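Step one of this worksheet: look at the structure below.
The values are calculated or read from the model by the stated rules, or taken from the named source; none is laboratory data. Keep in mind it's a predicted model, so treat the numbers as computed, not measured. Note: ideal-geometry Cβ built from the backbone for every residue, glycine included; neighbour counts use all protein chains shown. To get the accessible areas, we keep the full protein, side chains included, count just its heavy atoms, and leave off ligands, DNA and RNA. Shrake-Rupley method; radii C 1.70, N 1.55, O 1.52, S 1.80 Å.
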Amino acid sequence: MRFGHWLQIGLFLAFLCAGTVSSLYAFGLGYAVSETENRALASLPRWSIGELKSGTYFRRLENYWADHVAFRDSLVSAGQKVASWRGLSGGEHAVLIASQANNTGGANAVPAQEQSASASSIEAAPRTTVPEAPRPAEGASLEAPASKEKGRVIGKVLVVGSKAVNLFTYDPAAGQAYADAVNRFRDEFSLALGNEAKTYVLLTPTAAEWVSAASLKTLSDSQRQTIEHVYKRLHPQVKTIDAWSSLNVHKQETLYFRTDHHWTATGAYYAYEAFMNAQGVPPVPLARYETENVTGFLGSLYSATLSSQLQKLPDTLILYKPFVKQEYAVHYAAPLRMELLDKSHAAKKNKYRIFLSGDRPWGLIKTEAESDRRIAVVKDSYGNALIPFLLPHYKEIYVIDPRQFAQPLVPFLKNRQIRELLFLNNTEVAMYDGFSQQIGKLLTPSGAAAK
């Protein structure tokens, strides 16, 4: 082959590579977050001999390129919409679109114990980076005899009309892991503070618990039974809070968002009410609060499905304005003042971050309440909407997110004279053990000194 031919080939390959790199840089590499999927994109992996030998480096590099391909958001939107057309003749077919919307230790959490599907359960939707979710047999009817609702399962997500819910599957091993982590904390907390230490657990169900149609309820396990199962495994001195009954009384109200996996502030209030009643303390009536509405919220379940039905009817957030004067600071290397209801997020995609300005390693709320009580709340993002209701009852409220908090917790509590500890989580901690593992990391290492 003549030199000229080699030169042509070389110029062509150089042009191809340059075009690919420039298009990635121009349209893909500048983004750290996908607004369409409402998640962080993979970062460029650091090269090392160990990761190269294990194959981890190339897997992460592949994920990086996949996350930063040019026009990725547009391609994802088109792909999910095409996928949602499968099996929709007559509105009776199940559709699977894998979702990464879980509320536990991380996006790649996996079940603590793999279980075979029972005769009444539905098969798993395959995807390597997402927990498997149940689904009905292809073509199975999802029509509700009583309500005439028709739904479709999209990965972990069931869409019924203009409402979506995460399907729930109980993993007993994950439930046991959560109970074990709480029990270990109770033991260490009681050892540090003696009889003054009080440990509470409030597990709240998700929206899937109140799907009305009988034919659709079978797609998820009973969260009431799940909560009871976990509570029975807790130490007798751990005070358990029955939020399920309080929410069930008000199930006709808007307790959960239709397009997001979180509860509303109204739903959070009824769980707060159960918490105070369990202590023999009168809760503040909901009518005591002034309200403000934030419209146009398309949440995580819309991002997971891109359902046109959800898009047509966005959620409205009802904010209950605190009437107790307070000061809120979140802590990284240094404290940073924040608003308890941070309305700067009202103009952003994830409007749920209005509550406590989202998930932070830890925060401190100092109030002017007529109380000398202090409490620490170990929470997932469900806690964000509930914690503002605690203001009238506590002088100081410490907000701990174990997914980001990075020091032994009990010495932290002891040094700040905190005698009440509340674990406030939704039932998805009993689907995967990722969150329980994060809690376990907060235990004091053997022999470690208090900080």
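Quick look at the numbers
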item	result
Hey, HIS235 farther than 22 Å from ALA164 by Cα and either free of Cβ contacts under 8 Å to residues at least 24 places away in the same chain or open to solvent by 10 Å² or more (accessible area, probe 1.4 Å) (or both) or not	yes
Subset of segment 417-451 (residues that are modelled with pLDDT of 95 or more and open to solvent by 40 Å² or more (accessible area, probe 1.4 Å))	ARG419
Filtered residues of segment 215-232 (kept if in contact with a strand residue (DSSP E or B) (Cβ under 9 Å, 6 or more places away or on another chain) and either open to solvent by less than 20 Å² (accessible area, probe 1.4 Å) or among the polar types (S, T, N, Q) (or both))	SER215, LEU216, LEU219, SER220, GLN223, THR226, ILE227, VAL230
Residue check, SER116 surrounded by fewer than 21 Cβ atoms within 10 Å (Cβ to Cβ), at pLDDT below 50, of a type in the set (Ser, Thr, Tyr) and farther than 19 Å from THR240 by Cβ	yes
ALA369 being part of a loop (DSSP other than H, G, I, E, B), open to solvent by 60 Å² or more (accessible area, probe 1.4 Å) and of a type in the set (A, V, I, L, M)	no
Search result, residues across segment 191-212 that are crowded, with 19+ Cβ neighbours inside 10 Å and farther than 18 Å from GLN279 by Cβ	PRO205, THR206, ALA207, ALA208, GLU209, VAL211
Within segment 375-405, considering residues that are basic (Lys, Arg) and either open to solvent by less than 10 Å² (accessible area, probe 1.4 Å) or at pLDDT 95 or above (or both), the one farthest from the chain's Cα centre (by Cα)	LYS395
Within segment 141-237, helices (runs of 4 or more DSSP H) holding 1 or more residues that are among the aliphatic types (A, V, I, L, M) and at pLDDT 95 or above	172-193, 223-231
